[in-house]
Amino acid sequence: MSIAPEQVEAPAADAVLFRSSPWRTFIAVFALLMISFGAVSPIVALMAGGTGNPWWQTALEAGTISALAAGGYAWSTRGALKTWIRISSGGLEVAAQDSDPILLAWPDIAHVEVRRQGLRAVLEVTPLDLDRVHPVQGEGPGGPALTETATGTAFTADLTEVWPGPRALRRELARRLPAA
């Protein structure tokens, strides 16, 4: 069980929280599936010579299937993994996909990047030294996943389901990071 951001005291009063939400995921997947049904159904009906069903019946069927599929994904193991990032004058806190949260003070960060990886947005945080990474509460089993980048070993977080979103996160990081 991961630690929720409400269970952790923010390092400073000016903290801005970015977090994933299964409801936001549900709405996004539901909308995508409904748009797909809306685009494909007329083509299939035209190819089949008409279905004989009224449009509202097709819409009801599409809505039911979309709701079940979106709900299944949003509350599946992958979709329900909690990610949160908190930015404040005290530093950057990251808990990615049910990992234990970590805190990096701004002077301890070598490089931060929000980038696209296919359809996903990913946050990469490279500390100056892994010994400068602070677990937020106690000595847990570990922080977010690590990856090797051109700037060194970095913590990663999938931002696909994080709200308010990658653009807002980039703006907040630019506001907090010292000018290069």
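The values are calculated or read from the model by the stated rules, or taken from the named source; none is laboratory data. The shown structure was predicted, so the numbers you read here are calculated from the model rather than taken from an experiment. In this analysis, Cβ positions are derived from the backbone assuming ideal geometry, glycine residues included, and neighbour counts consider all displayed protein chains. Surface accessibility is based on the protein's heavy atoms, side chains included, excluding ligands, DNA and RNA. Shrake-Rupley method; radii C 1.70, N 1.55, O 1.52, S 1.80 Å.
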* **Ile35 - accessible surface, heavy atoms, 1.4 Å probe, Å² rounded to 10** => 120 Å²
* Mind running the shape call on the range 95-149? Use the C-alpha gyration tensor, a ≥ b ≥ c as the square roots of the eigenvalues: rounded below 1.5 for a/c, prolate if a/b tops b/c, oblate otherwise. => oblate
* For the chain, find the longest principal axis of its Cα atoms and tell me its angle to the long axis of helix 22-48, 0 to 90°, nearest 10. => 30 degrees
* **Where GluC sites (Glu not before Pro) in DSSP loops with at most 11 other Cβ within 10 Å are excluded, longest remaining stretch of the chain** => 10-138
* Asked: Of the accessible area of the chain, with the probe set at 1.4 angstrom, what percent is carbon plus sulfur?
  -> 62 percent
* Asked: In what order, largest first, do Trp84, Trp55 sit by accessible area if the probe radius is 1.4 Å?
  -> Trp55, Trp84
* Asked: Hey, in the GNM for the chain with a 10 angstrom Cα cutoff, which one of Pro42, Pro54, Pro11 fluctuates hardest?
  -> Pro54
* Structure fact -> Within the under-14-Å Cβ sphere about Pro11, not counting Pro11, Lys/Arg +1 and Asp/Glu -1 give a net charge of -2
* Selected from Gly91, Gly165, Gly63 as most flexible by GNM, with the chain as the system and alpha-carbon contacts under 10 Å -> Gly63
* Computed E for His111/Leu32 - FRET, C-beta separation, R0 35 angstrom, nearest 0.05 -> 0.60
* On average, how much accessible surface per residue is there in the chain, in Å², for a 1.4 Å probe, leaving out ligands, DNA and RNA? -> 58 Å²
* Among Ala168, Ala95, Ala45, which one shows the biggest mean-square fluctuation in a GNM of the chain, springs joining Cα atoms closer than 10 Å? -> Ala45
* Asked: Among rounded, prolate and oblate, which fits the range 41-125 when a ≥ b ≥ c are the square roots of the eigenvalues of its C-alpha gyration tensor, a/c under 1.5 means rounded, and a/b larger than b/c means prolate?
  -> prolate
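Please compute the alpha carbon radius of gyration of the chain, then divide it by the globular-protein estimate 2.2 N^0.38 Å. Two decimals is fine. Intermediate results must be reported in sequence, preceding the final value.
Numbers: Rg = 20.6 Å, N = 180, 2.2 N^0.38 = 15.8 Å.
My calculation over the Cα atoms of the chain gives 1.30.
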* In the neighborhood of Thr149, defined by Cβ-to-Cβ distances under 12 Å, what is the net charge if each Lys or Arg adds +1 and each Asp or Glu adds -1? -> -2
* Asked: What order do Met34, Met47 take when sorted by accessible area (1.4 Å probe), most exposed first?
  -> Met47, Met34
* So how exposed is Phe30, as accessible area in Å² (1.4 Å probe, rounded to 10)? -> 60 Å²
